[in-house]
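All of the numbers you see were taken from the coordinates with simple rules; none came from a lab. All values derive from a computational prediction rather than experimental measurement. Neighbour counts run over all protein chains shown; Cβ positions are idealised from the backbone, glycine included.
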Amino acid sequence: MKTGNRDQESGIRTSGSGEFEETLRLIARLSAPEGLEERVQAGLRKAKSANHSSARILAWPEGLGLSHARLQNLGRMAAAAAIVAVVLGGSWRISSRFQPAQPASAIVLPPHNAAQGSFSSAGAMRTPQTLNGPIVSVTTAAHPAASTPKPAAKKPLRHGKYRTVKYPGASVAH
Amino acid sequence: MHDLARKRAEEEAVAELVTQFAGTLYRVAYSVLRNAADAEDAVQEAFVRVLRHRDTLHEVRDQRVWLIRIVWNVVLDRKRRMKTRPETDDVAELARILPASGLSAEDRAAAAQHHAHVLACVEQLPAKERQVLMLSAFEELSSAEIAVVLGTTESSVRSRLFRARNLMAGLLNHPRSLR
């Protein structure tokens with residue numbers, strides 16, 4: 001079998017390479033199929049046109065004669081302006097729908113009908129009318145001394161009613 | 001207008017790369033995927049990636065190695081996603097691509113069987129060793145260039161290749177020794 005000796009400076013193919021390398025070399029020397037280049041070129045053209053058609057959505061027409069950098073700047077500015085417009089428009093719509101309530105020119109208070117001389121109701125409504133109590137007539141006594149009550153006789157304390165309790169450990173503690 | 005001219009020039013440069021390197025990329029892709037349609041798809045995908053990054057083309061020092069690196073990554077991605085191909089598919093595919101001259105039908109079938117067996121053993125190698133071994137079969141790639149494609153050092157490529165050859169020798173003598 002062939003044992004090549006190409007690439008002497010690299011020493012990659014030394015004498016004594018195995019027979020198996022003939023198989024690999026056979027594949028490595030394989031000729032490319034007919035028309036491979038044309039097919040690859042056609043595939044590249046297709047890929048290119050696919051790229052163009054997908055990019056055309058955002059691309060500017062080339063006939064305007066603007067450079068790539070200027071186009072990019074213009075695009076950025078337009079996008080920024082669009083964002084600002086959308087934000088401002090949205091906030092205006094919200095503010096136009098929700099008007100703040102106008103403050104009242106005069107505050108109407110409920111009528112205050114608290115009884116004369118009583119506590120004020122502090123603005124509470126539906127205060128129930130309190131009834132006047134019965135008037136007690138004061139009778140004047142003929143003998144003022146008789147009318148004064150006698151002081152109650154003091155009852156003597158009954159010793160022995162309450163028992164003192166002796167705790168068994170109290171004397172020990174002292 | 002200047003931008004348009006620059007864009008056109010970049011596209012022409014990509015078209016030139018296709019003419020120059022499509023065949024090389026196809027072989028690299030085929031060595032891993034071992035299916036003509038899959039390899040062609042991988043080449044297509046690699047050039048689409050190039051087209052996407054065409055504005056950086058002028059920064060690339062070695063366009064050939066750069067392209068091989070791109071297609072290598074595409075191919076590894078695809079291989080990861082693909083199911084394992086049955087060995088019989090490999091035999092049929094190899095019988096199709098083997099040089100027909102001077103071989104009888106029986107010899108061709110036997111050779112296809114042998115190559116399929118070798119490729120099955122290659123599949124059993126650890127990933128790093130397998131990749132170096134596969135790329136080393138390409139006569140247009142030096143060990144330094146293989147190192148660039150794999151994103152490693154040249155000395156690492158050499159040691160991996162040494163290990164790969166030893167492992168392959170063991171596998172071909174004792175087919176299940178790595179399993």
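What does the charge count around B:Lys128 come to, taking other residues whose C-beta lies under 13 Å from its C-beta (Lys +1, Arg +1, Asp -1, Glu -1)?
Residues near B:Lys128 contribute +3 overall.
Quick check on chain B: helices-only [θ] at 222 nm, where DSSP H runs of length 4 and up contribute -39,500 (n - 2.57) each and the sum goes over total residues. Nearest 500, please.
Mean residue ellipticity at 222 nm (helix-derived): -25500 deg cm²/dmol.
Tally Lys/Arg at +1 and Asp/Glu at -1 over every other residue whose Cβ is under 13 Å from the Cβ of B:Glu16; what's the total?
My count for the surroundings of B:Glu16 gives -1.
How many nm separate the modelled label positions at B:Asn173 and A:Val84, each set 7 Å beyond the Cα in the direction of the Cβ?
8.2 nm
If you rank A:Ile135, B:Ile97 by fewest surrounding Cβ atoms within 10 Å, what's the result?
Lowest count first: A:Ile135, B:Ile97.
Could you tell me the relative contact order of chain B? Use alpha-carbon pairs under 8 Å, at least six residues apart, and round to a whole percent.
18 percent
Dipole of the range B:2-81 (Lys/Arg Cβ +1, Asp/Glu Cβ -1, origin at the Cα centre): which of B:Trp66, B:Leu51, B:Gln20 lies farthest to the positive side?
Positive-end residue among those listed: B:Trp66.
Choose one of B:Ala5, B:Ala36, B:Gln113: the residue whose Cα lies farthest towards the positive end of the charge dipole of chain B (beta-carbon charges +1 Lys, Arg; -1 Asp, Glu; about the Cα centre).
Projecting each Cα onto the dipole axis, the largest value belongs to B:Gln113.
Distance in nm between label sites at A:Arg76 and B:Glu123, each 7 Å beyond Cα in the beta-carbon direction?
5.4 nm
In debye, nearest 20: dipole of chain B around its Cα centre with unit charges on the Cβ of K, R (+) and D, E (-)?
Computed charge dipole of chain B: roughly 720 debye.
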